[in-house]
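Structure first, commentary second.
The values are calculated or read from the model by the stated rules, or taken from the named source; none is laboratory data. Nothing here was measured: the structure is a model prediction, and the numbers come from that model. Every residue, glycine among them, receives a Cβ derived from its backbone with ideal geometry; neighbour counts consider all protein chains shown.
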Amino acid sequence: MDKQLRTELRAIKSILAKITGTTDLPESERFSVDALDNAAKHYKKMLIERGDWIQEYEIEKVIKNAPYNAGAFIRTQLGFTNFFTRGKKYYYNKPDLVALAKELKDRNVDLKSYMEFLADEEKFRKALSTALTKSKDGKGKKFSLPYDLQDIVSSPPKAPSPDVIREDIKRLKEEFFRDNLAGYINIYKGSHAMVKFEYHFDKYIKPEIKKQCRKLCENFNYANHALRLVTNKTEKFIPVKDDDMIQL
């Protein structure tokens, strides 16, 4: 039995020596770190050529409608970890990308739309922050206050009634349906409005429609943000008329 085991181990060692390209070296040097690193590089190259790993620009072949910068997004926002780099290029494991694409499809999530939604939501938050606070120039301005300047404060303004805000949102919904704006506006998570954009179609949309859609989105997001501050909730909007919804 010991003789058979030794024979099998020698066979395995011989195979590894061939894989790592060290068969021409003395047996004691066949498994150097450099040799194993070199074997790993050749193995990765073989997997790339076989199609098990793909580059950034090929992600769209696996995940439908993925934009050019999808790689960084799925790494940072979706926790995709099965990748490696060669120089400045990123390589992603194709089977895991296929699994990610399936899960996104099962959840009815379009990757490009999700990326645009997060970017637009962040842009809206920054716009609100800028409107509420003045930016500092960092140069340490000099100033002089009057000696009797004191006791000038203000209490928070009276919050509007939730009903007033909901009425504003109701008016915006009616405008959305009245002017058939579903083809120009997306409603994400029922509470964030965003203008649809396709570069190749944009020049054919009338300027007045673009203006109306931008204004409606701004007002809808503004009203929902105000409602969240007052009630800690938002007004959910499903962009389908009640008459058109399937009755269960």
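Residue-level check: of (1) assigned to a loop (DSSP other than H, G, I, E, B); (2) of a type outside the set (Lys, Arg); (3) modelled with pLDDT of 90 or more, Val240 misses just (3). Across segment 154-182, the qualifying residues are those that are assigned to a helix (DSSP H, G or I) and touching a residue at least 60 places away in the same chain (Cβ under 8 Å), and the one among them that is farthest from the chain's Cα centre (by Cα) is Pro162. Sub-7 Å Cβ pairs linking a first residue in segment 93-104 that is over 19 Å from Gln55 (Cβ atoms) to a second residue that is among the hydrophobic types (A, V, I, L, M, F, W, C) and part of a helix (DSSP H, G or I), at least 6 apart or interchain, are Leu104/Leu111, ordered by first then second residue.
Selection of segment 177-196 for residues being modelled with pLDDT under 90 and out of contact with any strand residue (DSSP E or B) (no Cβ under 7 Å at 6 or more places or on another chain) yields Lys189, Gly190, Ser191. Before we move on, is Glu174 modelled with pLDDT of 90 or more, surrounded by fewer than 14 Cβ atoms within 10 Å (Cβ to Cβ) and out of contact with any strand residue (DSSP E or B) (no Cβ under 9 Å at 6 or more places or on another chain)? For Glu174, the condition - modelled with pLDDT of 90 or more, surrounded by fewer than 14 Cβ atoms within 10 Å (Cβ to Cβ) and out of contact with any strand residue (DSSP E or B) (no Cβ under 9 Å at 6 or more places or on another chain) - is met. Name every residue in segment 183-241 that is free of Cβ contacts under 8 Å to residues at least 40 places away in the same chain, surrounded by fewer than 14 Cβ atoms within 10 Å (Cβ to Cβ) and among the polar types (S, T, N, Q), in order of residue number. Scanning segment 183-241 gives a single hit, Asn232.
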